[in-house]
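K.L.:
The structure is given below, and queries will be raised subsequently.
The values are calculated or read from the model by the stated rules, or taken from the named source; none is laboratory data. Bear in mind the structure is a predicted one, so any value in this text is a computation, not a measurement. Virtual Cβ from ideal backbone geometry, glycine too; neighbours counted across all protein chains shown. Surface accessibility is based on the protein's heavy atoms, side chains included, excluding ligands, DNA and RNA. Shrake-Rupley method; radii C 1.70, N 1.55, O 1.52, S 1.80 Å.
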Amino acid sequence: MKKYKKAISVFIFVPVLLLAACGKQNTDKPATSETQYTKKMNTREKLVIAYTSAAADYPADQAMVEEAVQKIVREKLNIDLDFCVISENYSEKISSLMAGHQQLHVIFFEQNSMMEMHMKDQLVKLDDLLAQYGSGIINAVGNDVIDTCRIGGNLYGIPANRDYAVGWDGYILQKDILDKYGIKAEDIETIEDLEEVFAIIKMHEPEMEILDCGYWSFLNNQYFVDSVNDLPFGVLMNYGLDRKLSNVFETEEYMEALQRIYRWRQLGYIKRSWDSVKESTNQKINEGRLFAYACRGKPGIEQQEKRATGKDVVFVQFGENAVVGNPPAAMNWGITQNTVSAEKSMELLNLLYTDEDIMNLLCCGIEGIHYVKTDDGHITFPPGKNQNPFTNGAWRMPNQFITYVWEGSPLTLWDDIKKFNEETLHSYYYGFNFDPTPVSTEYIKLEQIYRRYQPILENGLVNPEEGLEQMNRELDANFIDEVIAEKQRQFDAFCDKREGF
């Protein structure tokens, strides 16, 4: 391999402090017991809920939903609720807000942010709170799923009720473009078939962007880079059926995937520059500027993406259906150490997991404005509308399983997804959370290195023959083998304790 001479660009996210939307910094002097008593008599507790949603880009719609949710919470819990809703760079902005001691109480965790906040001692242990105030959560989620969010035996997160199993290596394609050139989705059986389709569309639609992704990496719908609840420093290959952890960055599968993405960019299929402002794939599909995007599969995926894009789409998949890693712990909800009341925060979480009206507001919007009911029990778009700002992020909400089902999907959709979760192939990693504390210095350095290279390697911006070699040198020099060995030790201990394993 040639030496990689060109300097690797470092993309640094500069979080914006969302003081107005995300709570006021707590700089008040401690109150006397008399003023504390007076405050409790005359005011309600105020909590701030933080999560990420594209609905933040639709402020008028978001404001309507917030007002409706606030009214319910005020009536049922006597709590004033503020919202901190962020559309982009969520984890980076939340990290900055927490460092600034902003008032964030109930919070959504994205990917490995629960582990990072745990390492910074920013989270409240939930065991006792859940037992006392969270019976509705236990009934809705189940103790076996809740236990997947334990770190060192302690509970720090509550999984969102959503799809955990994934149809890996999938892509959403515009149906009208396929029809225009006589291409049938059922004939696209391999990734090589998809490449031929890309070539045809590129030839006939030279101005159209062929491929994008809704993730931060074009490889994020590949099982072997699904970091789930920790970064991919030691992964179980073969959809999690291997017992020995591998360094994914040294595998043939990872190199081949990088080479494919790099080739697609060289052929002009991928246009987006990662350091530019990221446009919504949904909007680009809706406007006819994009043909396809990488997407993970599940029951009802075509109907979901049709609602999000406003276009007829088809889904093709080349990987297996599997629960890889420990996905319940990847997207969950918890309480931060910044909270003014851990008890009230758990009461709020319990209400979110159990109140159908709140969940339908957060997942579907306002009836008559964002959706209407049909005679057969579905919901659909109001006349003249073909998109909804809330539905594509509904899976992040605490309990999507108590919401309405959109027209086009069977009324049994949520039962179908529960069955998909339960019956699909499960990784040995399921239920395991790596605690990097024993190797925290090395882990943090490795994270910095990977985050620097990931945007350019996994989005085809550099020749992997050169860029991957340089990243691996840096990872090796900063003790990736030692971190993987520590993870293997913890994983073996976890397996030894697992009943019947």
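K.L.:
Residues of the stretch 418-501: accessible area per residue at 1.4 Å, in Å²? If you can, show how the numbers build up before the last one.
P.N.:
Numbers: 3970 Å² over 84 residues.
I get 47 Å² per residue for this part.
K.L.:
With θ taken as phi - 60° and the coefficients 6.51, -1.76 and 1.60, list the Karplus ³J(HN,Hα) couplings across the stretch 453-465 in order, rounded to whole Hz; mark glycine and proline as x.
P.N.:
Residue by residue, the stretch 453-465 yields 8, 3, x, 8, 6, 8, 10, x, 8, 8, 5, x, 4 Hz.
K.L.:
On to the next question. Share of antiparallel DSSP beta bridges in the chain, in percent to the nearest 5? Intermediate values should be presented prior to the final figure.
P.N.:
Values: 25 of 44 bridges.
Counting only bridges with both partners in the chain, antiparallel ones make up about 55 percent.
K.L.:
What nm distance separates the two modelled labels at Lys244 and Phe494, each placed 7 Å from Cα along Cα→Cβ?
P.N.:
Result: 1.9 nm between the two label points.
K.L.:
Can you sort Asp375, Asp355, Asp416 by 1.4 Å-probe accessible area, starting with the largest?
P.N.:
Values: Asp375 170, Asp355 10, Asp416 60 Å².
Sorted by accessible area, descending: Asp375, Asp416, Asp355.
K.L.:
Just list whichever of Lys71/Lys373; Lys202/Lys373; Lys298/Lys344 have alpha carbons separated by over 31 Å in the model shown. Walk me through the numbers before you get to the answer.
P.N.:
Numbers: Lys71/Lys373 22 Å; Lys202/Lys373 40 Å; Lys298/Lys344 35 Å.
Too far apart for the 31 Å limit: Lys202/Lys373; Lys298/Lys344.
K.L.:
Here's something else I'd like to know. Helix-derived [θ] at 222 nm for the chain: sum -39500 (n - 2.57) over DSSP H runs of at least 4, divide by residue count, nearest 500?
P.N.:
Values: 19 runs with 201 residues, N = 501.
Mean residue ellipticity at 222 nm (helix-derived): -12000 deg cm²/dmol.
K.L.:
Moving on to the next point. On a C-alpha basis, how far is the centre of the stretch 213-274 from the centre of the stretch 367-394 in Å? Whole number, if you could?
P.N.:
Measuring centre to centre over Cα atoms gives 35 Å.
K.L.:
Can you tell me the Rg and the Dmax, both Å, for the Cα atoms in the chain?
P.N.:
When restricted to the Cα atoms of the chain, Rg and Dmax are 23.0, 77 Å.
K.L.:
Estimate the FRET efficiency between Asp312 and Asn472 by the formula 1/(1 + (r/R0)^6), using the beta-carbon distance for r and 41 Å for R0, to the nearest 0.05. Kindly include the intermediate steps, with their values, before the conclusion.
P.N.:
Details: r = 43 Å, r/R0 = 1.05.
Taking R0 as 41 Å, the efficiency between Asp312 and Asn472 is 0.45.
K.L.:
Right, something else. With all protein chains present, calculate the accessible area of Ser53 using a 1.4 Å probe and round the result to the nearest 10 Å².
P.N.:
My reading of the accessible area for Ser53 is about 10 Å².
K.L.:
Rounded to the nearest 10 Å², what accessible area does Asp57 show when all protein chains are kept and the probe is 1.4 Å?
P.N.:
Accessible surface of Asp57 is approximately 100 Å².
K.L.:
Hey, could you grab the Kirkwood Rh for the stretch 177-281? Inverse mean 1/r over distinct alpha carbon pairs, Å, one decimal.
P.N.:
Details: mean 1/r = 0.0631 Å⁻¹.
Taking every pair of different Cα atoms in the stretch 177-281, averaging 1/r and inverting gives 15.8 Å.
K.L.:
What figure in square angstrom, to the nearest 10, would you give for the accessible area of Phe390 with a 1.4 Å probe?
P.N.:
Spelled out: Phe390, probe radius 1.4 Å, area about 10 Å².
K.L.:
Here is a follow-up. Rounded to the nearest Å, what's the spacing between the alpha carbon centres of the stretch 81-118 and the stretch 42-66? Just the number, please.
P.N.:
Between the Cα centres of the stretch 81-118 and the stretch 42-66 lies a distance of 14 Å.
K.L.:
Extending each Cα 7 Å along its Cβ direction at Glu343 and Asn139, get the distance between those two points in nm, one decimal.
P.N.:
Calculated label separation equals 2.2 nm.
K.L.:
Once the principal axes of the Cα atoms of the stretch 280-341 are found, what is the range along each, listed largest first in whole angstroms?
P.N.:
Dimensions of the stretch 280-341 along the principal axes of its Cα atoms: 47, 30, 16 Å.
K.L.:
Using modelled backbone amide H atoms (1.01 Å from N, in-plane), which distant-in-sequence or interchain residues come within less than 5 Å of Ile86's amide H?
P.N.:
Tyr51, Thr52, Ser53
K.L.:
What's the carbon and sulfur percent of the chain's accessible surface, probe 1.4 angstrom, rounded to a whole number? Don't skip to the answer; put the middle values down first.
P.N.:
Values: 10700 of 22320 Å².
Its accessible area is 48 percent carbon and sulfur atoms.
K.L.:
So between Asn321 and Glu195, what do we pick up on full extension, going 0.36 nm a residue minus the alpha carbon distance? Could you put the intermediate results ahead of the total?
P.N.:
Working: separation 126, 0.36 × 126 = 45.36 nm, distance 2.19 nm.
Here the segment from Asn321 to Glu195 would lengthen by 43.2 nm.
K.L.:
May I ask for the distance between the Cα centers of the stretch 418-479 and the stretch 120-150, given as a whole number of Å?
P.N.:
Centre-to-centre (Cα) distance: 27 Å.
K.L.:
If you stretched the chain out fully between Met255 and Asp357, how much longer would it get, using 0.36 nm times the residue separation minus the C-alpha to C-alpha distance?
P.N.:
Values: separation 102, 0.36 × 102 = 36.72 nm, distance 4.72 nm.
Roughly 32.0 nm would be gained on extension.
K.L.:
Quick one: which of Lys125/Lys487; Lys46/Lys418; Lys311/Lys418; Lys184/Lys284; Lys175/Lys385; Lys125/Lys306 span more than 29 angstrom between C-alpha atoms? Write out the running numbers ahead of the final one.
P.N.:
Values: Lys125/Lys487 23 Å; Lys46/Lys418 35 Å; Lys311/Lys418 27 Å; Lys184/Lys284 22 Å; Lys175/Lys385 19 Å; Lys125/Lys306 40 Å.
In this structure, Lys46/Lys418; Lys125/Lys306 lie more than 29 Å apart at Cα.
K.L.:
Enumerate by residue number the GluC sites (Glu not before Pro) in the stretch 423-501 meeting two conditions: DSSP loop (anything except H, G, I, E, B), and at most 16 other Cβ atoms within 10 Å of the site's Cβ.
P.N.:
Working: sites: Glu423, Glu442, Glu447, Glu458, Glu465, Glu466, Glu469, Glu474, Glu482, Glu486, Glu499; in loops: Glu458, Glu499.
Of the GluC sites (Glu not before Pro), the ones in loops of the stretch 423-501 whose Cβ has at most 16 other Cβ atoms within 10 Å are Glu499.
K.L.:
Let me ask another. Just in the stretch 343-404: which trypsin sites (Lys or Arg not before Pro) are loop by DSSP and have at most 15 other Cβ atoms within 10 Å?
P.N.:
Lys385
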